[in-house]
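The block underneath contains the structure these notes are about, expressed in structure tokens.
Every number in this text was worked out from the coordinates using simple rules, so none of it is lab data. Bear in mind that the values here come from a model prediction, so they are computed numbers and not experimental data. Every residue, glycine among them, receives a Cβ derived from its backbone with ideal geometry; neighbour counts consider all protein chains shown.
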Amino acid sequence: MVNRAGIVGRTAVVTGGGSGIGRAAAILLAQNGARVVLADVDTRAGQETVREIRKSDGEAIFVRTDVSRAPEANRLMVTTANKFGSIDILFNNAGIPGPHSVTETSEEEWDRVLGVNLKGVFLCSKYAIPHMMKKRRGAIVNTASAVGLVGSAGQAAYCASKGGVVILTKAMALDCAGLGIRVNCVCPGFVETPMVERFLAGIDASERGKVTESLKKLHPLGRFARPEEIGRVCRTGSLLCIKGRSGNPDEGDGAGLRGPRHTCELCLPGIRRDPDGRKVSGRHRCIRER
């Protein structure tokens with residue numbers, strides 16, 4: 001069961017919130033008491049997510065945003081802070097595909113994919129962190145990908161962008177370790193999203209079924225993940241004490257109070273701070289070990 005006390009009344013910014021993982025995460029955050037700010041370039045899809053949240057008496061607004069453009073990323077954070085008074089959670093989820101090899105990828109496509117998938121994470125974090133610093137608390141969750149860890153044929157720009165997100169997450173986690181701001185990323189495989197649907201639709205109809213089944217077999221569960229499953233991980237990740245972790249955080253009770261012991265990067269030599277950024281003496285025991 002999720003510990004709602006950790007999310008109720010907090011403000012969450014979700015980029016790419018118009019569909020797929022972003023939409024699922026936004027709805028879950030709202031269901032657990034967060035005030036949600038949806039960002040997307042697709043106004044219709046973003047507003048539809050807001051309507052879905054409000055149907056269940058959740059609180060949400062939509063801000064059209066191209067995360068690859070600094071003025072728009074900054075405006076998103078300023079609008080959020082002015083409306084709700086703080087930014088507590090940032091889910092950097094906006095992303096686009098890059099379905100070509102290096103030789104097939106144009107410079108324009110490379111710039112577009114890296115601009116949204118990697119630069120967008122950088123810009124939104126850059127402008128959100130100062131707001132989080134005011135209260136010395138916050139959580140950032142970035143959507144990377146399994147292909148950002150192992151690579152994949154025919155997806156040069158996409159793989160590069162997601163690999164960049166993984167290492168950027170680690171760098172940000174270290175930068176923010178003493179500020180009370182947690183930074184994590186998730187690295188999903190194939191997920192039942194419009195992006196994956198478009199990818200499969202581009203395969204010849206005679207081969208589509210075979211290719212789909214072969215892709216499902218790459219996953220231990222023998223199927224694609226569902227958006228809400230990744231959304232639950234992101235909701236949990238917004239509360240974990242773990243820093244700079246990639247992959248799926250261990251499912252605890254949502255507040256990071258249960259689960260196996262782990263190494264917390266707050267304990268790095270020379271840092272010695274608790275999750276709120278206060279200095280502690282001796283070996284730090286993070287909340288997942290208490």
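Tabulated data for the structure shown
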{"read-out": "Descending Cα extents along the principal axes, segment 50-186, whole Å", "value": "47, 37, 29"}
{"read-out": "Proportion of all alpha-carbon pairs of segment 118-189 beyond 14 Å (%)", "value": "58"}
{"read-out": "Ranked by how many other beta carbons lie within 10 Å on average, peptides 65-77, 101-113 from highest", "value": "65-77, 101-113"}
